[in-house]
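Visitor: Structure in structure tokens, see below.
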Amino acid sequence: MTENQVSFPDSDSLRSLVSVEDRVLRIAVATSEHGTSLSPTGMEQGIAALRAAGPEIGAVLLVGEGANFCAGGNVHGFAAAEDRGAHLLEIANLFHDFVRALEKAAVPVVAAVHGWAAGAGMSLALLADIALAGPGTKMRAAYPSIGFSPDGGMSWTLPRIVGPSRAREIIMTDAVIGADEAVRLGLLSRLVADGEIQSEGLRLARTLAHGPTQSYAAIRSLVAGSAGRSLSDHLDAEAASISAAATTPTGIEGVDAFVAKRRPDWDSARA
């Protein structure tokens, strides 16, 4: 644990909420424990796994175990805390360490969003590079309903997706956003059948994990940095990035495969 992390009583701590399968790091952000609220154990284990991840990891898959992806924070736990302010600060610090670890990941992050993505769950869905959901998925900021302000980066990511005015409306009115509307607004990437969300999420994560990972890392870096640059500065960043890509193993393999009219062998390029 980092200095900002604390130990929370949670029966989930008795089992692992992270696993690796076929280059995909799977992290359960919530379980049926405490009504599919954000899992401190999932955050702690996820932070450790993300920080330890090496070239053997090609993608991250965020899932919820239970009826929902993540229904927000454990409000009953908030109410029971002796010092609510201190308790919320500890939880927010832990959650934000997880968000920072996701941001630093050099691989694509996929979210398989089923049921509710509320509060912290909505924040996590907005952080994903690709968020899959089903027709039954619903999103809600949820913070005003208990008199709180957002955490998990929602007040940073949402304005960048829908604009500041619409972001304020969504958060302040605590609107329930259905799956179709969430896709239209850009909060979710696309919909699949409700019963196929996790399997499609894993399939997509596997595909990305065996793709040109160095290219994906550069794409994530460019998109993340675009908001803080002028167009002219960003063009310089793109030029430097594509030039560097030309000499990476994946860049060399991609060009050579195109010229030879064959499928690129990305796995061999990483060997």
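The values are calculated or read from the model by the stated rules, or taken from the named source; none is laboratory data. Quick caveat, the model's predicted, so the values are computed rather than measured. Cβ: placed from backbone, ideal geometry, glycine included. Neighbour counts: every protein chain shown. Accessible surface areas use protein heavy atoms only, side chains included; no ligands, DNA or RNA. Shrake-Rupley method; radii C 1.70, N 1.55, O 1.52, S 1.80 Å.
Visitor: Can you give me the pair-distance distribution of region 78-186, C-alpha pairs, 10 Å bins, whole percents?
Guide: Histogramming region 78-186 at 10 Å steps yields 14, 46, 33, 8, 0 percent.
Visitor: OK, next. Among M43, M122, M172, which one moves the most in a GNM of the chain with springs linking Cα atoms closer than 10 Å?
Guide: Result: M172 has the largest fluctuation of those listed.
Visitor: Stretched out fully, how many nm does the piece from F78 to S226 gain, at 0.36 nm a residue minus the Cα gap?
Guide: Using 0.36 nm per residue and subtracting the Cα-Cα distance, I get 49.6 nm.
Visitor: Of all the Cα-Cα pairs you can form in region 188-251, what percent are over 17 Å apart?
Guide: Value for region 188-251: 56 percent of Cα pairs lie more than 17 Å apart.
Visitor: Cα centroids of region 39-107 and region 134-157: how far apart, whole angstrom?
Guide: 15
Visitor: Still on this structure: Keeping all protein chains in place and using 1.4 angstrom, which order do H234, H210 fall into by accessible surface area, from largest down? All intermediate terms of the calculation are to be shown ahead of the outcome.
Guide: Working: H234 25, H210 55 Å².
Ranked from most to least accessible, the order is H210, H234.
Visitor: Would you tell me the accessible area of S189, worked out with a 1.4 angstrom probe on the heavy atoms of the protein chains, in Å² to the nearest 10?
Guide: Estimated to the nearest 10 Å², S189 gives 60 Å².
Visitor: Which residue, G136, G228, G54, tops the fluctuation ranking in a GNM of the chain built on C-alpha contacts under 10 Å?
Guide: Greatest mean-square fluctuation among the candidates belongs to G228.
Visitor: Could you tell me which residue out of G201, L124, Q45 lies farthest along the dipole of the chain toward its positive end? Charges go on the beta carbon: Lys and Arg +1, Asp and Glu -1, centred on the Cα centre.
Guide: The one lying farthest along the dipole's positive direction is G201.
Visitor: Using alpha-carbon pairs under 8 Å, 6+ residues apart, how would you state the relative contact order of the chain in percent?
Guide: Details: 468 pairs, mean separation 45.2, N = 271.
With pairs under 8 Å counted, the relative contact order is 17 percent.
Visitor: A follow-up question, please. Hey, what's the Kirkwood Rh for region 135-271 if you take every pair of different alpha carbons, in angstrom?
Guide: Details: mean 1/r = 0.0548 Å⁻¹.
Kirkwood hydrodynamic radius for region 135-271: 18.3 Å.
Visitor: Could you tell me the calculated FRET efficiency between R100 and I219, based on Cβ-Cβ distance and R0 = 22 angstrom, to the nearest 0.05?
Guide: Plugging the Cβ-Cβ distance into 1/(1 + (r/R0)^6) gives 0.70.
Visitor: If I take the Cα coordinates of the chain and project them onto the principal axes, what are the three extents in Å, biggest first?
Guide: Principal extents (Cα only, largest first): 64, 43, 40 Å.
Visitor: Still on this structure, please answer the following. So the label point goes 7 Å from the Cα of A257 along Cα→C-beta, right? Which residues of region 201-218 then have their backbone N under 13 Å from it?
Guide: Only 207-216 fall inside the zone, counting backbone N under 13 Å.
Visitor: Please report, in cubic angstrom per residue, the volume enclosed by the convex hull of the alpha-carbon atoms of region 14-168.
Guide: Measuring per residue, one finds 115 Å³ for the Cα hull of region 14-168.
Visitor: Still on this structure, please answer the following. Got a number for carbon plus sulfur as a percent of the chain's accessible area, 1.4 Å probe?
Guide: 56
Visitor: At a Förster distance of 41 Å, what's the computed FRET efficiency of L88 paired with T207, Cβ-Cβ distance as r, to 0.05?
Guide: My answer for the efficiency is 0.60.
Visitor: Sticking with this one: Between V29, V223, V110, where does the largest GNM mean-square fluctuation fall for the chain, given springs only between Cα atoms within less than 10 Å?
Guide: Of the options given, V223 has the highest mean-square fluctuation.
Visitor: Using only alpha carbons, build the gyration tensor for region 74-128 and give me the equivalent ellipsoid semi-axes, biggest first, whole Å.
Guide: 25, 15, 6
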